[in-house]
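Worksheet for the structure shown next.
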Amino acid sequence: MGVKVGVLALQGDVSEHIDAFFAALSRRGCGSTATVTEVRSSQDLAGCAALAIPGGESTTISRLIEKNQLHEPIRNFPGGIFATCAGMVLVASRVDDPRIRPLGLVGMAVDRNAFGRQRESFEADIPVDGLPGQPFHAVFIRAPVATAIDDNVRVLARVEQGIVAVECGKHMALAFHPELGRDTRLHERFLQACGI
Amino acid sequence: MKLEELRFGTELLKRGFASMQKGGVIMDVVNAEQAVIAEKAGAVAVMSLERVPSDIRKMGGVARMADPEKVIEIIDAVSIPVMGKVRIGHFVEAQVLEVLGVDMIDESEVLTPADEQYHIDKKQFKVPFVCGARDLGEALRRINEGAAMIRTKGEAGTGNVVEAVRHMRAIMGQIRTIKGMDAQERIDYAREIEAPAELVAECAERGRLPVVNFSAGGIATPCDAAMMMQLGADGVFVGSGIFKSSEPEKMAKAIVDAVNHFNDATVITRVSRGLGDAMPGLDVHTLKEDEVFQYRGR
């Protein structure tokens, strides 16, 4: 049986993540055997080698993680986690909003909506540490930033407002949305770190 | 990263914002207190307005954009996105909402149209728009004008889901139809439904609208919301259905849970129990022609 990648499917841009992972898995040569599956319960999580936590509304997704009793199963998930935007807020250890119960998988403090409202959302080419080739075309939508990181967290990219991409062990957390574009270099790098 | 290298208000940012709402419930609210209830219940966004649609029906007269004071009150009360409604064609109301910082504008038939010929030229704005549609042609005309999200019109303020079902089935059915057509037939069909041929071709190839497609207009219960999701909606708007029910907090949470588990009848059953009274309903067939909101704009 091929490798299985899960996408947390409680709310947000789930189908975009599924498509992007399929593309990245194909480029890594396991497209024909790998599966990408929606995760709604702890049973769905079983057998996944990696998990994506998508963009969406972090307060909503946090509430649904609790409601669906997924907090501990995700905390104890042995595979790597690929988190974008709302996902980055959720995997952090400290969040500036008491309504969110962070998963504490990446030792960092995160501010939600750090750039402002939708009118302040932007696209920009940003250099990502260790990513060969062109700068990464990043799409920031009501994006968060990390304001502080623990020693075991590696910064991959930062902008004026703060840190926007980090790696921590097998986990990768991004303030922007690579799943909305065609560039799968970050997905591929994550898969490689997970041994996929 | 220099400021001049950043790009704001692009098509990708607008459609991307809409994608982040998927699987979510967007709730109508008329003040800060309701906005906080909606946010706590798990709404992905709130729609700020002066009156919910069922009250607009009762009041009659001309329904307009909400007072900016009210929009600001709601923006300040929550951290989730705030949307606002403007009259069809009223581009200055849209300019005002953009200045206020709303995250998405609903060019809505629930308000009294300001222009019976043209919709707003939505590509002129940095803020994304959502527009109502009854069928594929209408949806694609709105997308062609720059809408980043489509919602069924349904029949707002009735608590009657029948029109939302009709519109969702129409859009989904038409997409299935064009999938089976060849290139020439698609061009012919595009002419027939008065939609741009390129957008018809794009829908046929992708098997869905090029933007997120929500359902709205008459959703009053968790079962209504889950049915719209099973019919293919990416998410739902609930207007009068929450704050005109007898227990808004419970209803709001139940609808969020029903949308989250829309394929699981056991969960829908559980969350539907003991919710109190849903909003009072209205038979769409008893409305006079000028009381039917969905005929506004085409």
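The values are calculated or read from the model by the stated rules, or taken from the named source; none is laboratory data. Since the model is a prediction, treat every value here as computed from it, not as a measurement. Because the Cβ atoms are built from the backbone with ideal geometry, glycine has one as well, and the counts that use them run over all protein chains shown. Surface areas here come from the heavy atoms of the whole protein model, side chains and all, with no ligands, DNA or RNA. Shrake-Rupley method; radii C 1.70, N 1.55, O 1.52, S 1.80 Å.
Mind checking whether some residue in the range B:226-249 is in contact with a His (Cβ under 9 Å, 6 or more places away or on another chain), within 18 Å of A:S15 (Cβ to Cβ) and buried (at least 24 other Cβ atoms within 10 Å of the Cβ)?
Narrowing the range B:226-249 to residues in contact with a His (Cβ under 9 Å, 6 or more places away or on another chain): B:226.
Then keep just the ones that are within 18 Å of A:S15 (Cβ to Cβ); that gives none.
No; the residues of the range B:226-249 include none that is in contact with a His (Cβ under 9 Å, 6 or more places away or on another chain), within 18 Å of A:S15 (Cβ to Cβ) and buried (at least 24 other Cβ atoms within 10 Å of the Cβ).
Out of the residues in the range A:94-119 that are over 15 Å from A:S62 (Cβ atoms) and facing chain B (nearest Cβ under 7 Å), state the one that is most open to solvent (accessible area, probe 1.4 Å).
My answer is A:R119.
If you scan the range B:99-114, which residues turn out to be within 14 Å of chain A (Cβ to nearest Cβ) and either under 16 Å from the mean Cα position of the chain (by Cα) or at pLDDT below 95 (or both)? Full working, then the answer.
The initial filter retains those residues of the range B:99-114 that are within 14 Å of chain A (Cβ to nearest Cβ), namely B:99-106.
Those that are within 14 Å of chain A (Cβ to nearest Cβ) and either under 16 Å from the mean Cα position of the chain (by Cα) or at pLDDT below 95 (or both): B:V102, B:D103, B:M104, B:I105, B:D106.
Among the residues of the range A:157-196, how many are under 17 Å from A:R27 (Cβ atoms) and surrounded by fewer than 24 Cβ atoms within 10 Å (Cβ to Cβ)? Walk me through how you get there before you give the answer.
Kept after step one, since they are under 17 Å from A:R27 (Cβ atoms), are these residues of the range A:157-196: A:172, A:178-179, A:181-196.
Cutting the leftovers down to surrounded by fewer than 24 Cβ atoms within 10 Å (Cβ to Cβ) gives us A:181-185, A:188-189, A:192-196.
Total meeting the criteria: 12.
Which of (1) closer than 30 Å to B:E98 by Cβ; (2) more than 14 Å from chain B (Cβ to nearest Cβ); (3) part of a loop (DSSP other than H, G, I, E, B) is the odd one out, the single condition A:T147 does not satisfy?
(3)
In the range B:23-40, how many are within 14 Å of another protein chain (Cβ to nearest Cβ), buried (at least 24 other Cβ atoms within 10 Å of the Cβ) and not small (G, A, S)? Step through it out loud before you land on a result.
Within the range B:23-40, the first condition is being within 14 Å of another protein chain (Cβ to nearest Cβ), and the residues that meet it are B:23-27, B:35-40.
Now restrict to residues that are buried (at least 24 other Cβ atoms within 10 Å of the Cβ): B:23-27, B:35, B:38-39.
The next check asks that each one be not small (G, A, S); those that pass are B:25-27, B:39.
Summing the residues that are within 14 Å of another protein chain (Cβ to nearest Cβ), buried (at least 24 other Cβ atoms within 10 Å of the Cβ) and not small (G, A, S) in the range B:23-40 gives 4.
Over 19 Å from the mean Cα position of the chain (by Cα), under 22 Å from B:A133 (Cα atoms) and not acidic (D, E): which single residue out of B:V96, B:V62, B:V44 fits that description?
Details: B:V96 fails: under 22 Å from B:A133 (Cα atoms); B:V44 fails: over 19 Å from the mean Cα position of the chain (by Cα).
Just one listed residue meets the conditions, B:V62.
Name the single residue, out of those in the range A:120-143 being touching a Phe, Trp or Tyr at 6+ places or on another chain (Cβ under 8 Å) and charged (D, E, K, R), that is nearest to the other protein chains (Cβ to nearest Cβ).
A:E123
Need pairs with beta-carbon distance below 7 Å; first residue in contact (Cβ under 8 Å) with a residue 12 or more places away in the chain and more than 17 Å from B:K253 (Cα to Cα) and within the range B:223-238, second among the basic types (K, R) and assigned to a loop (DSSP other than H, G, I, E, B); sequence gap 6+ or separate chains.
The qualifying pairs are B:D234/B:K22.
Only one residue in B:Q95, B:Q117 is modelled with pLDDT of 95 or more, open to solvent by 50 Å² or more (accessible area, probe 1.4 Å) and within 14 Å of chain A (Cβ to nearest Cβ), so which one is that? Full working, then the answer.
On the way: B:Q117 fails: within 14 Å of chain A (Cβ to nearest Cβ).
Result of the check over B:Q95, B:Q117: B:Q95.
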